[in-house]
């Protein structure tokens, strides 16, 4: 577990206001926007439906994600040589927070906890999916590219079925955006 003090104003998933509930249990928004928060050095998670901040996180997993860059904001960064929020990833909220060997699922009317692996090591590809071979690294640099790009091929990334976004405090490979590329036919 992380042994660090969170910055002032950091709202964890646990501390987030219950905007939605299912049978009395707080649930995350269905669709969210995620971007790197420069002031808090973490990820900001915005409810895509309301446009309001939901929480902050160090790791977020999204499904059916789209990578967005607002060109006017990018041009402003280039012109002023100063960062601003103009690029984000929007997708269906799947998981949040530290890597864990357990997950939760809904079985009928019950929400149960289950183990996703029985590894003896600290973590494996099931525990840390972004370390597996199915994922590629991606990034965004407004001075070089108009879109998010694949780290190796430098090809544009517009959407992905599964994305893991981590801030710089997360343990693991060096990249902060991991995505599953579209399968070649």
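The values are calculated or read from the model by the stated rules, or taken from the named source; none is laboratory data. Since this is a predicted model, take the numbers as computed values, not measurements. Because the Cβ atoms are built from the backbone with ideal geometry, glycine has one as well, and the counts that use them run over all protein chains shown.
Worth pointing out:
- Only one of the numbered conditions (1) closer than 20 Å to residue 142 by Cα; (2) touching a strand residue (DSSP E or B) at 6+ places or on another chain (Cβ under 7 Å) is not met by residue 80, and that is (2).
- Qualifying positions in the stretch 135-148 - closer than 11 Å to residue 67 by Cβ and crowded, with 19+ Cβ neighbours inside 10 Å: 138, 140, 148
- Of the strands (runs of 3 or more DSSP E) lying entirely inside the stretch 1-58, those containing at least 2 residues that are within 22 Å of residue 140 (Cα to Cα) and at pLDDT 85 or above span 31-37, 42-47, 53-57.
- With respect to being surrounded by fewer than 17 Cβ atoms within 10 Å (Cβ to Cβ), modelled with pLDDT under 90, in a strand (DSSP E or B) and touching a strand residue (DSSP E or B) at 6+ places or on another chain (Cβ under 7 Å), residue 103 fits the description.
- Looking only at residues of the stretch 59-91 that are touching a residue at least 12 places away in the same chain (Cβ under 8 Å) and assigned to a loop (DSSP other than H, G, I, E, B), we find that the one that is surrounded by the most Cβ atoms within 10 Å (Cβ to Cβ) is 86.
- Condition met for residue 52 (farther than 21 Å from residue 17 by Cβ and either surrounded by fewer than 16 Cβ atoms within 10 Å (Cβ to Cβ) or over 11 Å from the mean Cα position of the chain (by Cα) (or both)): no
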